[in-house]
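Chemist: Can you keep this structure in mind? I'll have questions shortly.
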Amino acid sequence: MRSRAFKGVGVALAIGVFAFVSFHLFAGPHVIGYERFHSDQPSAVGGGILFSELGCANCHSESPVATPRKGPNLVDLKQRIDHDWISSFLKNPEVGRPGSTMPKMVHGLSNEEVESIIAFLGTKGKGIKFSNGRHANAERGSALYHEKGCVACHVPTTDFHSPHGSPKLAGFDLAIAHPDLKKKTSLEALNYFLSAPARYRPDGRMPHITLDRQEVMDIAAHLMDFQGSDPTEANPVEAWPSADALVIGKGKDLVQKMNCAACHEIPGEKAKEVVKLPGKVFSDDLHCLSDEPVDGLPFYDLTNAQRKSLKLYLKSRGSDEGKKVSTTLAAMNCYACHERDGIGGPTDASDPWFIGDEGLADSGRLPPPLTGMGFKLKREWLEGVLIGKAENRVRPYMKTQMPAYPHQAAILAELLEEADAKDAGFSVSHSPEVLEAGRKLLGTQGGVSCITCHTWGGQPSLGIQTLDISSLDQRLRPEWFQQYLLNPAAYRPGTLMPPLWPGGKSTVPGVLGGKTDQQIAAIWAFIEKGQGLPEGFPDRSGGQFELVPKDRPIVQRTFFKRTGSKAILVGFPGEIHIAYDGLDAYPSLVWRGRFFDAYNTWFSRMAPFETPLSEDVFEFPEPESKGRFRGYRLDASGNPIFLLQVDGRDLEESFSVADAKLYRTISWTEGPKPLVTHPKGVDVAEKAKKNTLTFIYSWK
């Protein structure tokens, strides 16, 4: 009997000097949800996870997992994947990626037949237009890889140290191994894949982490150990050998015969009809669970425990519907980050890699529990979180990101809602007296001091900066809110959130007669329909933090909506102002009127994305070719001159204001004039000299 642990010697998934934490070859296909919770003792539930994640359900249906497991989309392989790597992988998936769940499909075929399959697959797709940008930084990519959440599923690298110390060299036996990426793909192809994984992995097992264009490139450079700074210097995937129509046709016949389309999306190919499993599936040894390969059938190099678990599932299938939530979460590896009903959460090895605001203890860095999540969050909000909507990210203090599952969002939200539904009453009045009571209770003047820790809209809290509570009514179900306030630790042990009504008793007897249920309902009422701020925030009505350009322009860096986290604001005397994108190097917004309030930027540890102090705002369309920002300088009058590189050329872009007009001048040293976009709703006049363009923006 082969051990379920690991066989062979330790491998580093070696990519030159770039080394992952010591890792081992797997015995049998590596399915984390099975290995973590069911490998010690064969079980029908564990077999159900394997039945889904090994792709058995794609040919036989009856999956106990709500989100179907599929293999990668096989389009545009010639540009994305190395020919020899595919050939080696098809012959032995374990060599291509340790622990691969891909079965051996080409056993019994000749090398020529395997090559014909690859030749046919190489005809699928219309080609990719790669866009790499002009800069790569593998060192920054290493930090992002370890901080954004990649190491919740994958191994860390030995050359990176988390804030919690040196990486542990053991304990990552649950991690998903990387293939030898240098052999498999190219920097440009990996960058393209990471920018939208669902394009090729629509089953969500490789989720999407929201990154900007430069972050994606830097992580790709890290994974490829690309040490240059110009990604255009990296080698593309080598051209595949040519094949004639006869060879391609033979490959097509083999792909159809093997029913590859049951697991993979292949343009123009359809899966065969589902093969229903008979009541007795072990009348002979000629099936997919056989110890030895059977011609025409997939062969899985299973451990004895995996094979027993699958047989137990097949004998009891249909009797485990009550476990569909936990089975699905295990299959999707949600338990790598989240705990639900005492199951899952980070392992001892992965825990140090969850990074956030240490001042909030574990709540500031670890993802929230999924216990009762379908009762906690409103269905629409939960689905938005799973889709990956930016406005549904409410924990900016966490570096580890919640990934997006765009194709599974509706299924998972429905599954959790149905599992966690409760019939709980919660009566709320919005009378003036109740709203005023809610405002007082939220504040520090005779209330329970919620704003000491929680932000309110754009207003930072008075102490640590935890999540915004002004919009809880958009996210939470009021019944869950009531239960949570009565005993926060019951939902999340160790939370910094205190029981504000200890034992169900109010500590503020002077509000609403000290009646606990009415007080909690009043807080909810104010969150829903209250006006103004809770009592206790500092008076900012004097505008002492508003920046007002008088004699010279004011330049201020900040986080700004639409412009991003590297926004550079320039306020000009004359009440015309701009926001410049310091990442992609182009003007993002222009507005007239008041400039900017710097309170949050200067005093908040977790500053929100700000907006202009005006509604007279005009957006610049994004340019077709984004640039690389190289800094800025100021002229004698304080006007900014931005330095950028676009399509390999150095440009300068300056702005100034005179006579109620905005002047924008672009200059370059060689080549044709650059393409320029202008804000809608603004009149544009143009003046041209040699290698210089000046645009004059005015308003009627």
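Chemist: Based on the alpha-carbon set only, what is the convex hull volume of segment 590-658 divided per residue, in Å³?
Modeler: 152 Å³
Chemist: Another question, then. Test of understanding: what is the full-extension gain from A660 to H164, defined as 0.36 nm times their sequence separation minus their Cα-Cα distance?
Modeler: 173.2 nm
Chemist: Quick one: in segment 116-240, what % of C-alpha pairs are over 26 Å apart?
Modeler: Summing the P(r) of segment 116-240 above 26 Å gives 25 percent of all pairs.
Chemist: How big, in percent, is the set of alpha carbon pairs in segment 432-529 lying more than 16 Å apart?
Modeler: 55 percent
Chemist: Another question about this same structure. Along the Cα→Cβ direction, 7 angstrom out, place labels at S88 and S316. What is the inter-label distance in nm?
Modeler: Result: 4.1 nm between the two label points.
Chemist: How many angstrom lie between the Cα centre of segment 565-587 and the Cα centre of segment 613-684?
Modeler: First find each Cα centre; the distance between them is then 9 Å.
Chemist: Using DSSP to call loops (not H, G, I, E or B), can you name the GluC sites (Glu not before Pro) in segment 158-238 whose Cβ has at most 14 other Cβ atoms within 10 angstrom?
Modeler: Passing sites in segment 158-238 are E238.
Chemist: Continuing with this model, one more query. Beyond 16 Å, what share of the Cα-Cα pairs of segment 513-571 is found? Please give it as a whole percent.
Modeler: On the way: 1184 of 1711 pairs.
Beyond 16 Å sits 69 percent of the P(r) for segment 513-571.
Chemist: Tell me which GluC sites (Glu not before Pro) from segment 597-648 have a DSSP coil assignment and no more than 13 other beta carbons within 10 Å of their own.
Modeler: The qualifying sites are E615, E624.
Chemist: So which trypsin sites (Lys or Arg not before Pro) in segment 215-305 are both in a DSSP loop and have at most 12 other Cβ atoms within 10 Å of their Cβ? Spell out each step's value before the answer.
Modeler: Numbers: sites: K250, K252, K257, K270, K272, K276, K280; in loops: K270, K272, K276, K280.
Here the trypsin sites (Lys or Arg not before Pro) that fit, given the DSSP loop and packing criteria, are K270, K272, K276, K280.
Chemist: Given the convex hull of the Cα atoms of the chain, what is a quarter of its surface area in nm²? Show your work: numbers first, answer last.
Modeler: Values: hull surface 144.8 nm².
Dividing the Cα hull surface by four gives the mean projection, 36.2 nm².
Chemist: Show me, for segment 337-349, the HN-Hα J-couplings you get by feeding each phi into the Karplus relation (A = 6.51, B = -1.76, C = 1.60, θ = phi - 60°), rounded to Hz, glycine and proline as x.
Modeler: 10, 10, 9, 9, 6, x, 10, x, x, x, 7, 4, 6
Chemist: If you don't mind, another one. Of S88, S461, S242, S229, how do they rank once you tally other Cβ atoms within 10 Å and put the fewest first?
Modeler: In increasing order of surrounding Cβ atoms, one gets S242, S229, S88, S461.
Chemist: Would you mind getting me the FRET efficiency between S242 and E139? Use the beta-carbon distance for r and R0 = 35 Å, nearest 0.05.
Modeler: 0.30
Chemist: If each residue of separation counts as 0.36 nm, what is the full-extension length gain between D212 and H430 once their alpha-carbon separation is subtracted?
Modeler: 74.3 nm
Chemist: Distance cut-off 22 Å, Cα to Cα: go down the list K70/K270; K124/K184; K389/K680; K661/K687; K324/K376; K129/K673 and report the pairs above it.
Modeler: Working: K70/K270 14 Å; K124/K184 18 Å; K389/K680 26 Å; K661/K687 14 Å; K324/K376 19 Å; K129/K673 24 Å.
Violating the 22 Å Cα-Cα cut-off are K389/K680; K129/K673.
Chemist: Also, I was wondering about something else. Using the alpha-carbon centroid of each, what span in Å lies between segment 73-91 and segment 482-504?
Modeler: When both Cα centres are located, 53 Å separates them.
Chemist: Next question, about the same structure. What residues qualify as long-range amide H neighbours of I176, i.e. H under 5 Å apart, gap of 5 or more or another chain, H built at 1.01 Å from N?
Modeler: HN-HN under 5 Å from I176: H154, V155.
Chemist: At a temperature of 10 °C and a viscosity of 1.306 mPa s, determine how fast segment 515-635 diffuses translationally according to Stokes-Einstein, using the Kirkwood radius over alpha-carbon pairs as Rh; express D in µm²/s, rounded to the nearest whole number.
Modeler: Answer from the Stokes-Einstein relation: 95 µm²/s.
Chemist: When all C-alpha to C-alpha distances in segment 25-111 are sorted into bins of 5 Å, what percent of pairs does each bin hold, rounded to whole numbers?
Modeler: Percent of Cα pairs in each bin: 3, 13, 19, 21, 20, 14, 7, 3, 0.
Chemist: For G530, which sequence-distant residues (separation of 5 or more, or a different chain) have an amide H within less than 5 Å of its own amide H, given hydrogens modelled in the peptide plane?
Modeler: none
Chemist: While we're looking at this one, here's another question. Testing the spin-label approximation: label points 7 Å from Cα along Cα→Cβ at S637 and N111. State their distance in nm.
Modeler: For S637 paired with N111, the spin-label model returns 7.4 nm.
Chemist: Alpha carbons only, please: Rg and Dmax for segment 546-698, in angstrom.
Modeler: Final numbers for Rg and Dmax: 14.9, 47 Å.
Chemist: Mind listing the phi-derived Karplus ³J(HN,Hα) values for segment 491-497, rounded to whole Hz, using 6.51, -1.76 and 1.60 with θ = phi - 60°, and x for any glycine or proline?
Modeler: 7, 9, x, x, 5, 6, 5
Chemist: What ³J(HN,Hα) values, in whole Hz, does the Karplus curve 6.51 cos²θ - 1.76 cosθ + 1.60 give for segment 454-460 when θ = phi - 60°, with x put for Gly and Pro?
Modeler: Once θ is set to phi - 60°, the couplings for segment 454-460 become 9, 6, 9, x, x, 9, x Hz.
Chemist: Can you figure out the FRET efficiency of E670 with D291, using R₀ = 51 Å and their beta-carbon distance, to the nearest 0.05?
Modeler: After rounding to 0.05, the efficiency reads 0.15.
Chemist: So, one more: For segment 46-166, just the Cα atoms, rotate onto the principal axes and tell me the three extents in Å, largest first.
Modeler: Principal axes ranked by extent give 50, 41, 25 Å for the Cα atoms.
Chemist: Taking the convex hull of the Cα atoms, report for segment 89-148 its projected area averaged over all directions, in nm².
Modeler: On the way: hull surface 28.5 nm².
Average projection, Cα convex hull of segment 89-148: 7.1 nm².
Chemist: Can I ask one more? Starting from the amide H of D159, placed 1.01 Å from N in the peptide plane, find each other amide H under 5 Å away whose residue is 5 or more places distant or on another chain.
Modeler: A19
Chemist: Give me the number: length gained by fully extending V274 to A196, i.e. 0.36 nm times residue separation minus the C-alpha to C-alpha distance, one decimal in nm.
Modeler: Here the answer is 25.1 nm.
Chemist: Would you mind ranking E414, E339 so that the residue whose beta carbon has the fewest other beta carbons within 10 Å leads the list?
Modeler: E414, E339
All of the numbers you see were taken from the coordinates with simple rules; none came from a lab. Owing to the predicted nature of the structure, the values given are computational and were not obtained by experimental measurement. Backbone-built Cβ (ideal geometry, glycine too); neighbour counts: all protein chains shown.
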